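Undergrad: Below you'll find the structure I mean.
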Amino acid sequence: TPLGADVSVHPLCQDETLKILSYLDSNGKSKDGKDRTKTPFVTVVTDLGGAHPTWFNPGVDKCYVPSDALYKAALDREVKPDQIVEYGLPIRKGFWSERKDETAAGEEKKEKGLFANIFGKDDNSGAADADSASSGKKSKEELREELGLVQGVPTVLIVGGGDGMGGIVEQARAVGKKLNDDADTRSVTSNDPEFQMVVVCGKNENAQKQLEADDWGKGVNVEVKGFVYNMDEYMHASDAIVTKAGPGTIAEASICGLPCMLSSYLPGQEAGNVPYVEENGFGTYSGDPTVIADTVSSWLETPEKLEMMQKAALEAARPAATLDIAKDIAEYLFERKGISSS
């Protein structure tokens, strides 16, 4: 049965797949990707600030990129401007919300008829809000109440991916100690914590056990979690995040308006994510736990700086990217078949 379309979300699935499709479309006469005539092929790039050249092949019908840097990378690999679409990085449903700016996605399109039924009513309702975006439109206060977190104190979220790697124990201990020391320097008579830290250890049970056994001091409330399925809620309930430089987490954090303290990155594919965050003004990088702690402390101790970085994160956010890409692919396929979307 012929494919309706082929959508690639992996850097190694362009060149060979196009050759196979050409072979099938030509009944075995050609393996040249340029001879593909029947099966639509699109690439959705899932890296962010940098990407391997194999993501980009001029033989595709469309190439969806998440950032200006990767738009340029596609051009450098001879993908033409009319093949490239920049909507943002696809992210999990918990972080979806209406598009904040039609111009960021190119020409304004109004979804109606068939597409309204498939993807929902079009609504240009403005920028995402850090306190009430995709987590059921709940406020930060409501989320903290539901999560059992302390209200009204600066809160940092520390994550290490699903496996809880990247030195999460050392980072959490350095940040927790620094925040408790900061609290001790304040002339406060209350026994209530001045700061809060949430550490999500993922599947790293050893890290979770170590951190749960630590004495953090009264100045900082510390919540240690294992693997969670509601990361969107923890992000929306926080004020800043410490994370490895994974593209998905950075994109999700920006949607939540979280300044990003990047703690590690994979050489090559994640290296470009560091300048992406720094140049957009919502974070920085250090692999040193002490520097990480000092930086997070300076953010949480300076509300004006924190607010400025939160606004910068929201400016970089593309909360509608997943739906925009899906809509665009669907529209393209219907157009090829001569089916109207209205």
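Undergrad: Among the candidates Val224, Val199, which residue alone is within 25 Å of Glu301 (Cβ to Cβ), in contact with a Gly (Cβ under 9 Å, 6 or more places away or on another chain) and surrounded by 14 or more Cβ atoms within 10 Å (Cβ to Cβ)? Break it down into steps so the answer makes sense when it comes.
TA: Numbers: Val224 fails: in contact with a Gly (Cβ under 9 Å, 6 or more places away or on another chain).
Exactly one of Val224, Val199 is within 25 Å of Glu301 (Cβ to Cβ), in contact with a Gly (Cβ under 9 Å, 6 or more places away or on another chain) and surrounded by 14 or more Cβ atoms within 10 Å (Cβ to Cβ), namely Val199.
Undergrad: A further question on this structure: Across segment 8-27, which residue is farthest from Arg336 (Cα to Cα) among those that are open to solvent by 70 Å² or more (accessible area, probe 1.4 Å) and not charged (D, E, K, R)?
TA: That would be Leu12.
A quick yes/no check of all residues on (1) modelled with pLDDT of 95 or more; (2) among the hydrophobic types (A, V, I, L, M, F, W, C):
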| residue | (1), (2) |
| --- | --- |
| Thr185 | no, no |
| Ser190 | no, no |
| Gln196 | yes, no |
| Lys218 | no, no |
| Asn221 | yes, no |
| Ile241 | yes, yes |
| Cys260 | yes, yes |
| Ser264 | no, no |
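Undergrad: For segment 143-187: of the residues being polar (S, T, N, Q) and within 24 Å of Glu205 (Cα to Cα), which is surrounded by the most Cβ atoms within 10 Å (Cβ to Cβ)?
TA: Step by step, filter segment 143-187, then rank; the result is Gln171.
Undergrad: Those residues that are aliphatic (A, V, I, L, M) and open to solvent by less than 20 Å² (accessible area, probe 1.4 Å), I need them from segment 282-305; list them, please.
TA: Matches in segment 282-305: Ile292, Ala293, Val296, Leu300.
Undergrad: So the check is Cβ under 8 Å with 6+ separation or different chains; which pairs have a first residue in segment 8-26 that's closer than 10 Å to Thr39 by Cβ and a second one that's of a type in the set (Phe, Trp, Tyr)?
TA: Filtered contacts from segment 8-26: Thr17/Phe41; Leu18/Phe41; Leu21/Phe41.
Undergrad: Small (Gly, Ala, Ser) and either modelled with pLDDT of 90 or more or in contact with a strand residue (DSSP E or B) (Cβ under 6 Å, 6 or more places away or on another chain) (or both): which single residue out of Ser125, Ser139, Ser134 fits that description?
TA: Ser139
Undergrad: Please work out which residue is farthest from Asp68 (Cα to Cα), limiting yourself to segment 261-287 and to residues that are of a type in the set (Ser, Thr, Tyr) and out of contact with any Gly (no Cβ under 7 Å at 6 or more places or on another chain). Spell out how you get there, then give the answer.
TA: If we filter segment 261-287 for residues that are of a type in the set (Ser, Thr, Tyr), which is where we start, we get 263-265, 276, 284-286.
From the residues that got through so far, the ones that are out of contact with any Gly (no Cβ under 7 Å at 6 or more places or on another chain) too are 265, 284-286.
Values: Tyr265: 20, Thr284: 19, Tyr285: 21, Ser286: 24 Å.
Among those residues, the one meeting the criterion is Ser286.
Undergrad: I've got another one for you. For segment 188-206, state whether one or more residues are at negative phi, of a type in the set (Gly, Ala, Ser), touching a strand residue (DSSP E or B) at 6+ places or on another chain (Cβ under 8 Å) and free of Cβ contacts under 8 Å to residues at least 60 places away in the same chain. If you could, list the steps in order and put the result at the bottom.
TA: Kept after step one, since they are at negative phi, are these residues of segment 188-206: 188-201, 203-206.
Filter once more, so that each one left must be of a type in the set (Gly, Ala, Ser): 190.
Then keep just the ones that are touching a strand residue (DSSP E or B) at 6+ places or on another chain (Cβ under 8 Å); that gives none.
Within segment 188-206 (the criterion being at negative phi, of a type in the set (Gly, Ala, Ser), touching a strand residue (DSSP E or B) at 6+ places or on another chain (Cβ under 8 Å) and free of Cβ contacts under 8 Å to residues at least 60 places away in the same chain), the answer is no, since none of the residues qualifies.
Undergrad: Within segment 247-281, which residues are surrounded by fewer than 24 Cβ atoms within 10 Å (Cβ to Cβ), in a loop (DSSP other than H, G, I, E, B) and under 13 Å from the mean Cα position of the chain (by Cα)?
TA: Matches in segment 247-281: Glu270 only.
Undergrad: So, restricting to strands (runs of 3 or more DSSP E) that lie completely within segment 35-118, which ones have at least 1 residues that are open to solvent by 60 Å² or more (accessible area, probe 1.4 Å) and either under 21 Å from Ala330 (Cα atoms) or at pLDDT 95 or above (or both)?
TA: Details: elements: 41-44, 62-65, 84-86.
The strands (runs of 3 or more DSSP E) meeting that bar number zero.
Undergrad: For segment 138-168, name all the residues that are under 23 Å from the mean Cα position of the chain (by Cα) and among the hydrophobic types (A, V, I, L, M, F, W, C).
TA: If the condition is that a residue be under 23 Å from the mean Cα position of the chain (by Cα) and among the hydrophobic types (A, V, I, L, M, F, W, C), then Leu143, Leu147, Val156, Leu157, Ile158, Val159, Met165, Ile168 are the ones that fit.
The values are calculated or read from the model by the stated rules, or taken from the named source; none is laboratory data. Keep in mind that this is a model prediction, so the values were computed, not measured. FYI the Cβ positions are ideal-geometry reconstructions off the backbone, even for glycines, and counts take in every protein chain you see. With ligands, DNA and RNA removed, areas are computed over all heavy atoms of the protein, side chains included. Shrake-Rupley method; radii C 1.70, N 1.55, O 1.52, S 1.80 Å.
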